[in-house]
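Scroll down for the structure; my scribbles are underneath it.
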Amino acid sequence: MTAEITRNCSIKAGINYEIDYIYTEGDAIMCTTVCKCDADASLWPTEDQSSIVTDSLGVSMVTECPTSYLSSYELTSIVPVLSAMETTFKCAGMCTTSKFYLFSDVSW
């Protein structure tokens, strides 16, 4: 299984790569001026803190951002699985590690 995940990530194909793409796109908007998050920036490594934009009225999940990049298929079929993955396994991303939990509470 690990070999298949690694292969799909390296050739940029398959469901693993698609999931990673969803996280990459989400990382690009979550906790930015486009989509401020309701979190404490000090929860992240020092080198990341200056780029994290927070607000007490911000969002907890990327699906609450004003600009959505997810298709209706992804929202109904893939996001619930990713949310479960984040909460159950405490991880985000597939080929690379995401900076944020995007589909459960960002401050975990």
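At a glance:
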{"quantity": "11 Å beta-carbon shell around residue 98, net charge (K/R +1, D/E -1)", "calculated": "-3"}
{"quantity": "Any cysteine of the chain lacking a neighbouring Cys Cβ under 4.7 Å - listed by number", "calculated": "91"}
{"quantity": "Chain lengthening between residue 12 and residue 28 when straightened (0.36 nm per residue, less Cα-Cα)", "calculated": "3.9 nm"}
{"quantity": "Karplus 3J(HN,Hα) series, Hz, for the stretch 25-35 with 6.51 cos²θ - 1.76 cosθ + 1.60 (x for Gly, Pro)", "calculated": "5, x, 4, 6, 10, 5, 6, 10, 5, 6, 8"}
{"quantity": "Percent of alpha-carbon pairs separated by more than 19 Å within the stretch 59-108", "calculated": "20 percent"}
{"quantity": "In Hz, Karplus ³J(HN,Hα) per residue of the stretch 40-47 (6.51, -1.76, 1.60; θ = phi - 60°; x = Gly, Pro)", "calculated": "9, 4, 5, 6, 9, x, 3, 5"}
{"quantity": "For the chain, the fraction of alpha-carbon pairs in successive 10 Å shells from zero, as %", "calculated": "15, 46, 31, 8, 0"}
{"quantity": "Sparse-neighbourhood loop sites, chymotrypsin sites (Phe, Trp or Tyr not before Pro) in the stretch 16-100 - DSSP loop, at most 15 other Cβ within 10 angstrom", "calculated": "69"}
{"quantity": "Amide H within-cut-off set for residue 60, under 5 Å, with H built and near neighbours excluded", "calculated": "38"}
{"quantity": "Computed [θ] at 222 nm, deg cm²/dmol, the chain (DSSP H ≥ 4; -39,500 (n - 2.57); rounded to nearest 500)", "calculated": "-11000 deg cm²/dmol"}
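Every read-out reported here was derived from the displayed coordinates using simple, explicitly stated rules and does not represent laboratory data. Because the structure is predicted, anything quoted here is derived from the model rather than measured. Here the Cβ is made from the backbone with ideal geometry for all residues, glycine too, and neighbour counts use every protein chain on show.
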